[in-house]
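Q: First, the structure itself, so that you have it in front of you.
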Amino acid sequence: MAIQEHSPLKLEPWNDLNGKVVMVTGASAGLGREFCLDLARAGCKIIAAARRTSRLQSLCDEINELDFSVLSSALASPISPTGAVESRRAVAVELDVCGNGKSIEESVRKAWDYFGFIDTLVNNAGFRECKQFN
Ligand SMILES: NC(=O)c1ccc[n+]([C@@H]2O[C@H](COP(=O)([O-])OP(=O)(O)OC[C@H]3O[C@@H](n4cnc5c(N)ncnc54)[C@H](OP(=O)(O)O)[C@@H]3O)[C@@H](O)[C@H]2O)c1
């Protein structure tokens, strides 16, 4: 397949993050955690994913306690996996990106069902080893 030169940019930038559903992997620490907090402050709904669920839960609690009254539009209140109206801004999903296909699929399905859709994925999971240079 030939790659067209100078093809017009198809993706439009998001000028308004309010209400966008963003799934962030590696959300329990480091950059992923900070991405979640910043995106939430910008009005996004957050699906925080990683292996350490207690850390994810405390992050979600922190986000759900933020004051969103300054944000204009009423964000949708979709249905959670339990059938309840989902009014939280952040939910935690256990996910091991190195797990098998079935376990990843289950985690993604659960994540999807919380808000009914996912607008984007920040696939940040990983680790950074600090080595000293001599
Ligand atoms: N920090 C930097 O300066 C820097 C520079 C270049 C690139 N990066 C990249 O940016 C990403 C984040 O770096 P960081 O410094 O924020 O790392 P970090 O503080 O070590 O955090 C790593 C995150 O990834 C999660 N994670 C690790 N293995 C996972 C797995 N198998 N499944 C799901 N989640 C997993 C961890 O959560 P759990 O342990 O709870 O699963 C944790 O939330 C990494 O991919 C790193 O390579 C960072």
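Q: Which peptide among 110-116, 88-94, 22-28 comes first, and what is the full order, when sorted by highest mean count of other Cβ atoms within 10 Å?
A: With the highest mean Cβ count within 10 Å placed first, the list reads 22-28, 88-94, 110-116.
Q: Let me ask something else about it. Arrange the following residues from fewest to most other Cβ atoms within 10 Å of their Cβ: Ile47, Ile63, Ile118.
A: Fewest-to-most Cβ neighbours within 10 Å comes out as Ile118, Ile63, Ile47.
Bear in mind these aren't lab numbers, they're just calculated from the coordinates by the rules spelled out. Fair warning: this is a prediction, and the values are worked out from it, not measured in the lab. FYI the Cβ positions are ideal-geometry reconstructions off the backbone, even for glycines, and counts take in every protein chain you see.
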